[in-house]
Amino acid sequence: ERILLEHISIAEAAVIGLPDDTWGERVTAVIVPTQTEPIDLDQVRAHCQERLARYKCPREILVVDELPRNPMGKVQKFKLVAEHAS
């Protein structure tokens, strides 16, 4: 998540594991783009590949308007998994 947040086009990010038939889970990034910079998913992938080991790079990148949060402001990743697992 820290590496994703270093990208100029990303305002918020969460990394989750979604079900995968081959590996059990696949690394998935859920991002909220900034209002000022257009998002280029190929650029985001390249950004991750330059800074992370291959197995840590997200296989899928999902763009959302906002991340679900609890009243304390913590991202509710279980809601992201439930929403995008199908």
I'm checking my understanding of the structure. Among residues of region 1-44 that are of a type in the set (D, E, K, R) and in a strand (DSSP E or B), which one is nearest to residue 60 (Cα to Cα)? 26
Single residue of 22, 28 found to be of a type in the set (Ser, Thr, Tyr) and surrounded by 12 or more Cβ atoms within 10 Å (Cβ to Cβ): 28
Has region 50-59 got any residue that is of a type in the set (A, V, I, L, M), loosely packed, with under 13 Cβ neighbours inside 10 Å and in contact (Cβ under 8 Å) with a residue 60 or more places away in the chain? no
Inside region 68-86, can you point out the residues that are open to solvent by 40 Å² or more (accessible area, probe 1.4 Å), within 26 Å of residue 35 (Cβ to Cβ) and in contact (Cβ under 8 Å) with a residue 24 or more places away in the chain? 77, 84
Exactly one of (1) among the acidic types (Asp, Glu); (2) open to solvent by 100 Å² or more (accessible area, probe 1.4 Å); (3) closer than 19 Å to residue 6 by Cβ; (4) in a loop (DSSP other than H, G, I, E, B) is unmet by residue 65. Its number? (3)
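The values are calculated or read from the model by the stated rules, or taken from the named source; none is laboratory data. Predicted model only: the values in this text are computed from it and were never measured. Using ideal geometry, Cβ is built from the backbone for each residue, glycine included, and neighbour counts are taken over all protein chains shown. To get the accessible areas, we keep the full protein, side chains included, count just its heavy atoms, and leave off ligands, DNA and RNA. Shrake-Rupley method; radii C 1.70, N 1.55, O 1.52, S 1.80 Å.
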